[in-house]
Amino acid sequence: QVQLVESGGDLVQTGSSLTLSCAFSGRTFASYAVGWFRQSPGKERDFVAHITGTGGLTEYGDSVKGRFTISRDNGKRTVYLQMNRLNTEDTAVYSCAARRSLSTVLPGRTDYEYWGQGTQVTVSP
């Protein structure tokens, strides 16, 4: 069965960079699109970014476009989220999620099936 484990969350200051990792196990990694989502207290879960199984297509949420980059290394069975120019609004629990999908199209943002437990990112002023 698919299992996802996030790592890399930390306490950083505004303007810092941080890279999160999502380790995938259980099935054929390249057959799964992977997305990053985040949720902070009092807010609904937000879409951050996602990527197709081969890395050919990516999409970003409006609030992070231009600052965050999603990538994957299928040999390492890991998806990354590089976050730059962090600000306090980026404070949240970041979770990765996966869904089996075609390599030519991204899943719907609400269609992800497998979820990790999340990693805390806190950005101080």
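In table form, for the structure just shown:
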| read-out | value |
| --- | --- |
| Summed residue charge, Cβ within 15 Å of residue 54's Cβ, Lys/Arg positive, Asp/Glu negative | +3 |
| Average accessible area per residue (Å²) across the chain - probe 1.4 Å, nucleic acids and ligands excluded | 52 Å² |
| Residue 123 accessible area, assembled protein chains, probe 1.4 Å, Å² | 10 Å² |
| Surface share of carbon and sulfur [accessible, 1.4 angstrom probe, percent] for the chain | 45 percent |
| Rel. contact order, % - alpha carbon contacts under 8 angstrom, at least six apart, the range 1-113 | 33 percent |
| For residue 19, residues with placed amide H under 5 Å, excluding near neighbours | 83 |
| Total charge dipole magnitude, the chain, about the Cα centre, Cβ charges on Lys, Arg, Asp, Glu only, Debye to nearest 20 | 280 debye |
| Within the chain, percent of DSSP bridges classed antiparallel, to nearest 5 | 95 percent |
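The values are calculated or read from the model by the stated rules, or taken from the named source; none is laboratory data. This one's a predicted model, so the numbers in the text were calculated from it and none came from an experiment. In this analysis, Cβ positions are derived from the backbone assuming ideal geometry, glycine residues included, and neighbour counts consider all displayed protein chains. To get the accessible areas, we keep the full protein, side chains included, count just its heavy atoms, and leave off ligands, DNA and RNA. Shrake-Rupley method; radii C 1.70, N 1.55, O 1.52, S 1.80 Å.
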